[in-house]
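Just below is one structure, and these are the notes that go with it.
Read the figures in this text as sums done on the coordinates, not as results from a lab. In this text, all values refer to a predicted model and were calculated from it rather than measured experimentally. Every residue, glycine among them, receives a Cβ derived from its backbone with ideal geometry; neighbour counts consider all protein chains shown.
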Amino acid sequence: MWSAAWRISLWATLAFALGTMLVFLFLHRFVADDVQRRSDAWLSGEVEVLGDVAERTPKDALYDRVVKEVAELATKEVPNRLRTNSGQNDSVFFLQTADDGSLRLWVGTGDGRSNLIAIRASGIVPDTPSDLHVRGFEIPFRVASIRLDDGTHIYLGLSERDELQLLRNLRLRFLLLWLSIVILGFAIVFYSTRRMLGNVQRIAEAASRIGQSDLSSRVPRTGHDDEISQLALTLNHMLDRIERSMHQLHTITDSLAHDLRSPLTAIRGKLEMSLSAPSKGEQTESIVSAVEELDHITEFLNQSLDVAEGQADALKLHRREIDLEQLLRVMIDLYEPSMSEKKIRMELHSEGAARILADPGLIHRMIANLFDNELKHLPASCMVAIRLRNEAGAVVLTFEDDGPGFASEVALHVFERRVRGPDSSGHGLGLAFVEVVVRAHGGRVTACNRKEGGAQLSVSLPLASGTRSPN
Amino acid sequence: MRLLLVEDDIEIQSFLQDSLSEAGYEVEAAVDGKNAKRLAIASAHDVLIVDLGLPDMDGIELILRLRHLGISSPVLILSARRSVDDRVRGLEQGGDDYLTKPFALAELLARLRNLTKRNLPSSSELTRLHVLDLELDMVRRKATRGGETLNLSPQEFALLEYLCRNAGRVVTRSMILEQVWGMRILPDTNVVDVHIYRLRGKVDTDGLQPLIRTLRGVGYVLQDR
């Protein structure tokens, strides 16, 4: 959720920031051009006036003073003028060259030589203002010139400092404003995205919780009538339907079980009564086998329904803490005589107590099925190694034998219902039952043939949290 | 001992009534909740046997109503439902018991005995068990027959102990699995039989009267006469 909120707000902010930056660049360009046009207009106007004055003023001793005076007056009317620290006027210069190109009149900071050198080097065309870089000045001048009839040139330079200062101020203010807007925008987008995604997250969490355990609860609504709320609504509709079908399945299996069990009970009762009645003689054998068959049918019925429910993820679990190691020891004790009668040896390799939170009834039957499976399918004089180890939050129980292994035609399907080996006497439910029970507990089960020969069945179940104790 | 049997299936009701009477119980029977309530109020019963699927009301509801009326006799619930209801679990914790159909008669009788024994001193406090010439020392976990020590494993001792406690009564395989190994499972292999076979090899040695008898199709019984 965090990363998604981050990503969304980051991209949105980036797009917004880039957009506003572009708009600003256009504005900046426009303002800069406008300022320059205005100062160019001023320069051109002034230089013309100065030229006029210079031409009309008689070339006598007063000429220099008059032109200088007028030039100084002109430089005081600079547009967009800003105060300088030094107090003297270094933003404007006036320069007149003699017809041989030497400096004739100078108004401005310094002696004007470097300005003259720069003017000569750049070859300024009269009547069009252009930039002039002068040694000793960081900021270029904008220079307009005019050629007088007597062959002299008049140059009027205006430092671009004020203009640049203006633009810099503009940029600085924009940048501050831009940054705060971007940060604010990011915060707003992030906050709202996170809130929205938080709702999605809560829905996801609730859905997964419902999927794992309780089908009767529902995903929370957000309260707004938006897409997220729609999602919750859709999910809840879906859950309603799932719950209904689940309920139907339970009803069907329950009523099927009920309808079959009542007659089975009556039949079994009557058979038992006739067994206990005296002098039945030769009929006893057939009654006994009828009772045994009936018990098989019952167990088959139970397991079929469990497997059907399990495959529909509808098994009801009543979890308690179970120590698998202890359970295995009891099971080994229970199966040892039957195994040793077939000369099958069993070995338990355990790392110690392995506590899981599971339904005891189902786990007992699941483990019994694993033992039954070995007992039924292993030829005499084989060996079963039962390993129990803890592995990354799970208990892994492995049954390895050195028998013939799974027949190749069933190897991939051993956990499917009704799949059994070519010479199996079982009803093909045992391992399917193992699979559904393990899956219902959030575990995994795998089966394969070992390289060394023999079959390997591996069951992994989630460990009860924080209960691993060394042996 | 008076029992009230509430079961709507007539076939089951009739065979239960017969076999329970044969086992020495006095049985009153009802086919629905209304009649059951009437009978339960009219006279006291030591145990109630209640089927969950009654035509007029749910078995659990009947039990709760009877409890509400102050009838506190223990209840044995018969259930044809597959999954054990949470409410049944609740009652089970309250001291009642349940049995899923179909069941072996021996198991029904054993559970009835457990329920009625509830208020009596438990035989598990005995330090010694005697059945004919068989003697079990519960403190040292040693068994002797005719004065001769039997060399039993702890599990075999537990099995023999269970048979002795139920001497003269039939126990089924699933009862043995539940009581001795603590598991409600029904393996489709002969694991219990092999245990019994081994135990018999140690208890009923040549020349002695065989004590452990197999009742085929039903279970086992340790003879007490």
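Computed per residue of the protein assembly as shown from DSSP H runs no shorter than four, each worth -39500 (n - 2.57), the mean residue ellipticity at 222 nm is -17000 deg cm²/dmol. Name the residue farthest towards the positive end of the dipole of chain B from the options B:L126, B:T189, B:Q209, assuming +1 on Cβ of Lys and Arg, -1 on Cβ of Asp and Glu, about the Cα centre. Among B:L126, B:T189, B:Q209, the one farthest towards the positive end of the dipole of chain B is B:L126.
Out of every Cα pair in segment B:2-117, what percent are spaced more than 25 Å from each other?
Details: 709 of 6670 pairs.
Tail fraction, whole percent: 11.
Counting Cβ atoms of other protein chains within 10 Å of each residue's Cβ and taking the mean over peptide B:48-57 gives 1. Secondary structure note: in chain B, about 50% of the DSSP beta bridges are antiparallel. Where q = 0.12 Å⁻¹, what log10 of I(q)/I(0) comes from the Debye formula for the protein assembly as shown, counting one point per Cα? For the requested q values the scattering log ratios are -1.34. Inter-chain neighbour count for B:10-18: the average number of beta-carbon atoms from partner chains within 10 Å of each residue's beta-carbon is 4. Put simply, the amide H of B:I49, placed in the peptide plane, has neighbours under 5 Å in B:L4, B:L5, B:V6, B:L76, leaving out anything fewer than 5 places away on its chain. Going by Cα centres, segment B:41-72 and segment A:347-380 are how many Å apart? Taking the Cα centre of each part, segment B:41-72 and segment A:347-380 sit 40 Å apart.
Dipole size in debye (nearest 20) for the protein assembly as shown around its Cα centre, Lys and Arg Cβ +1, Asp and Glu Cβ -1? Could the numbers behind the result be given before it?
Working: 83 positive and 96 negative charges, 246 e Å.
Its charge dipole is roughly 1180 debye.
When the Cα positions of A:L328, A:P379, A:L357 are compared along the charge dipole of segment A:317-410, A:L357 comes out farthest toward the positive end, with charges on each C-beta of Lys, Arg, Asp and Glu. So in the protein assembly as shown, what percent of DSSP beta bridges are antiparallel if you round to the nearest 5? Here the antiparallel bridges make up roughly 75 percent for the protein assembly as shown. Karplus-derived 3J(HN,Hα) values for segment A:176-181, using 6.51 cos²θ - 1.76 cosθ + 1.60 with θ = phi - 60°, are 4, 4, 4, 4, 5, 5 Hz; glycine and proline are entered as x. Backbone amide hydrogens, once placed in the peptide plane, bring B:T100 within less than 5 Å of B:S79, excluding anything fewer than 5 places away on its chain.
Over chain A, what is the relative contact order in whole percent, taking alpha-carbon pairs under 8 Å and six or more residues apart?
Normalised by residue count, the contact order of chain A is 10 percent.
Can you give the convex hull volume of the alpha carbon atoms of segment B:146-219 per residue, in Å³? Cα convex hull per residue, to the nearest whole number: 99 Å³.
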